[in-house]
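Just so you know, all these numbers are worked out from the coordinates, no wet-lab data involved. These numbers were taken from a predicted model, which means no experiment stands behind them. All Cβ positions, even for glycine, are placed from backbone atoms using ideal geometry, and neighbour counts span all protein chains on display.
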Amino acid sequence: MVSVEKENAYALREYLHRKVIENAHGDPFKSAFLHFLGLSKDGIPSFDFATLSLYPRCAIAGLGILEETVSAQDVSRLLGQAARIDSTPRPWVSDVFGVMAVKWLARQMNDARIVREFENWISGFLAQQVGGDHLNPFEKDIAAYVRSGESALYSTACVSLFFHYRKILRIEDHQTRLSLIGRFMGEFRAQAQGDASTALLSLMVYVFDQVNEDVAVVPPKGWSLDDLLGFLEHIPVGLKRWTWEDAGRTRGAEPVKWRVENEYHVQNLLYVLLAPVFNDIADEVNLQPVGQKNPRIDLYLPALHTIIEVKYRKDVKKSFPTLIGEIAEDASLYRADAKYKDARIVSFLWDCTRATQEHTKFKEGVLKIDGIDGCVVVSAPSTMDERSSN
């Protein structure tokens, strides 16, 4: 086993990717599996499908990447074969990834008889493999899925996340997914010194790439939702130095007043404050239409999977009950989008009226709205002696 020092996760990813590309060369199933995971640089692998033996043809067909397939008769023929010939194990006995692909093929046949044949087929070898020392924890998790389907429980984060990203078994709770991502990074880094199979390393690289697209592996600066709320609630401390001049500070200069005159000004202020911490912050995120409604998120922090809904109270004409109603409607529209239905939502109100006596009751009301995880109210600086106007 070659020792590889890879402190940087992205450098390790590149190393493992090169390794699986090299190891898959000349092996039809490994090459097909790489393409199935979107990790192949050369597109659909080139090999003569018709000349392959029955098992690899069935396994590759189960990946669904080729136009060629196999007949139900051929699938039944494979599933009727014994796991051993004269005590010599057949190739699939220790190949849980290929067997998983055969499981998918059996399902695609939409034939209850073939599904029963598959279950009988794996009963001849899979339990024995799992019960012995033949499989590592990741392979045992794949075997658990092959045996029990979506009801299986998994010990490794990698396999759990793989099934999530392949939409086989979704992990709807975002915090659970974040916890698994943290565990996965430990599993991933361990592969620098490991000797895992090409298929498993391919799985590792695939999950790493999906995690990288999904959310940051660790929230910036280690922030949690409570840290975010604390930061937002302390914004008034900085507003003490908000520029609002009655006279210019230098000779001949005109006085400067930083007016906050509408909701998007508040949104821009929050963006300026949060972007140095959350470099993947997004604003004005359009969601899926809900009937004639076209909802749009003010600010979104992918690392915390958190929406910040910005509100602006210009004067007493905008009542607190009205604001609560708007927030409730916005939250329900966000939940209608599958991507954000489990996102946390924080309401941020900029109050030009400085009605501090109403803020506690307002926050209590907002936090009773289903799906609202935090509420912050900031009064315009008292130095502002003019009312903002649109």
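Angle between the Cα long axis of helix 356-367 and the longest principal axis of the chain, 0 to 90 degrees, nearest 10?
For helix 356-367, the angle is close to 20 degrees.
At residue 224 and residue 136, where each label point lies 7 Å from the Cα along Cα→Cβ, what is the point-to-point distance in nanometres?
Rounded to a tenth, the inter-label distance reads 3.3 nm.
Say each of residue 251 and residue 11 gets a label point 7 Å from the Cα, pointing the same way as Cα to Cβ; how far apart are those two points in nm?
That separation, rounded to one decimal, is 5.7 nm.
For residue 338 and residue 212, what is the calculated FRET efficiency with R₀ set at 22 Å and r taken between the beta-carbons, to the nearest 0.05?
0.60
Taking 35 Å as R0, compute the FRET efficiency from the Cβ-Cβ separation of residue 119 and residue 68 and round it to 0.05.
Step by step, r from the Cβ atoms, then E = 0.85.
Under a straight-distance cross-link criterion of Cα-Cα below 16 Å, which lysines are reachable from residue 240, leaving out those fewer than 8 residues away in the same chain?
257
Given the peptides 351-357, 31-37, 325-331, arrange them by the average over their residues of other C-beta atoms within 10 Å, most packed first.
The densest-packed peptide leads the list: 31-37, 325-331, 351-357.
At what distance in nm do the modelled label points of residue 356 and residue 241 sit from each other, each positioned 7 Å from its Cα along Cα→Cβ?
Here the answer is 2.2 nm between the modelled labels.
Do the alpha carbons of any pairs in 318/363; 19/140; 311/361; 339/361; 19/41; 30/167 sit beyond 25 Å of each other, and which pairs?
Cα-Cα > 25 Å for 339/361; rest within.
Of the listed values (1) 167; (2) 203; (3) 137, grab the one calculated as volume of the Cα convex hull per residue in Å³ from the structure here.
Derived directly from the coordinates: (2).
Which of the trypsin sites (Lys or Arg not before Pro) found in the range 16-105 are loop residues per DSSP with 15 or fewer other Cβ atoms within 10 Å of their Cβ?
Filter output for the range 16-105: 41.
Can you compute the helix-only [θ] at 222 nm over the chain? Use -39500 (n - 2.57) per DSSP H run of at least 4 residues, normalise by all residues, nearest 500 deg cm²/dmol.
When only DSSP H runs of four or more count, the value is -14500 deg cm²/dmol.
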